[in-house]
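What follows is a single structure, written as structure tokens, with notes after it.
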Amino acid sequence: MSNSIRSILHLSHPTLRQTATPVTDFKNPLLQTLIDDLLTTLRSANGVGIAAPQVNESLQIMIIASRPTPRYSDAPEMEPIALINPKIIGRSSEMEKGWEGCLSVPQYRGFVPRHQSITVEYTDRTGTKIEATFTDFVARIFQHEYDHFLGLVFLDRLESESDRLTAEEFKIMFPDTENNQSLTSANPAPSHINC
Ligand SMILES: [Zn+2]
């Protein structure tokens, strides 16, 4: 297994504004290397999701790796999964707003509307076709990563300017999200994702 940490592009990079292409060659060993690198890069960045365009590979590959961390203590724990060429086949009409960050947009947080649940078809790293329904936090991660395939980021999904905070403002408004877990807050900090 490769253990390469790839550098994560920032939003000014044109790859993050391109449409990602589907994977066609499932036998290419570089596909497994790229997935391993995405897993390693995501773990080292302490994120819960990453999409291949974020490491300058304009391909439809994403990792979802929800787990509770100081930043998102309510997140469900799951084994990281790689989704290749995912297609959305169903969406709840119900929308929910939640805070998001992005490894490619470290200076902002956004309060982003997403479908509460989403049903997808994808191919896993062994080439097996899978159908799955994701809800709540995991559905949010999926929709965030899927946007990276479309050349979009969470800032493009905001309903209003007031739903965008700088990382500094976010820390002031929700001081117990990051390191200060001893606060027994009447105003609990929201979980938010960083993908
Ligand atoms: Zn992102």
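Coordinate-derived values only; no laboratory data. In this text, all values refer to a predicted model and were calculated from it rather than measured experimentally. FYI the Cβ positions are ideal-geometry reconstructions off the backbone, even for glycines, and counts take in every protein chain you see.
Here are a few things to note about the model shown:
- The protection proxy used here, the mean number of other Cβ atoms lying within 10 Å of each residue, ranks peptides 118-130, 161-173 as follows, highest first: 118-130, 161-173.
- Taking the Kirkwood radius as Rh and the Cα radius of gyration as Rg, the chain has a ratio of Rg/Rh equal to 0.96.
- Looking at the chain, the DSSP beta bridges with both ends there are about 90 percent antiparallel.
- Note on the chain: with charges restricted to the Cβ of Lys and Arg (+1) and Asp and Glu (-1), its dipole about the Cα centre is near 300 debye.
- Point-charge dipole on Cβ atoms (K/R +1, D/E -1) for region 1-112, about Cα centre, debye to 20: 220 debye
- Normalised contact order of the chain, rounded percent, pairs of Cα under 8 Å and 6 or more residues apart: 24 percent
- Value of [θ]222 nm, deg cm²/dmol, for the chain, DSSP H segments ≥ 4, -39500 (n - 2.57) each, nearest 500: -6000 deg cm²/dmol
- Degrees between helix 29-45 axis and first principal axis of the chain (Cα, 0 to 90, nearest 10): 10 degrees
- Calculated FRET efficiency for the pair Asp124/Glu94, C-beta based, R₀ 35 Å, to 0.05: 0.80
- Per-peptide packing, taken as the mean over residues of other Cβ atoms within 10 Å, places 21-29, 145-153 in the sequence 145-153, 21-29 from highest down.
- Distance between region 125-149 and region 39-66 - C-alpha centres, whole angstrom: 12 Å
- Per-pair calculated FRET efficiency, R0 = 25 Å: Gln18 and Met78 via Cβ, rounded to 0.05: 0.30
- To the nearest ten degrees, helix 136-149 and the longest principal axis of the Cα atoms of the chain are 60 degrees apart.
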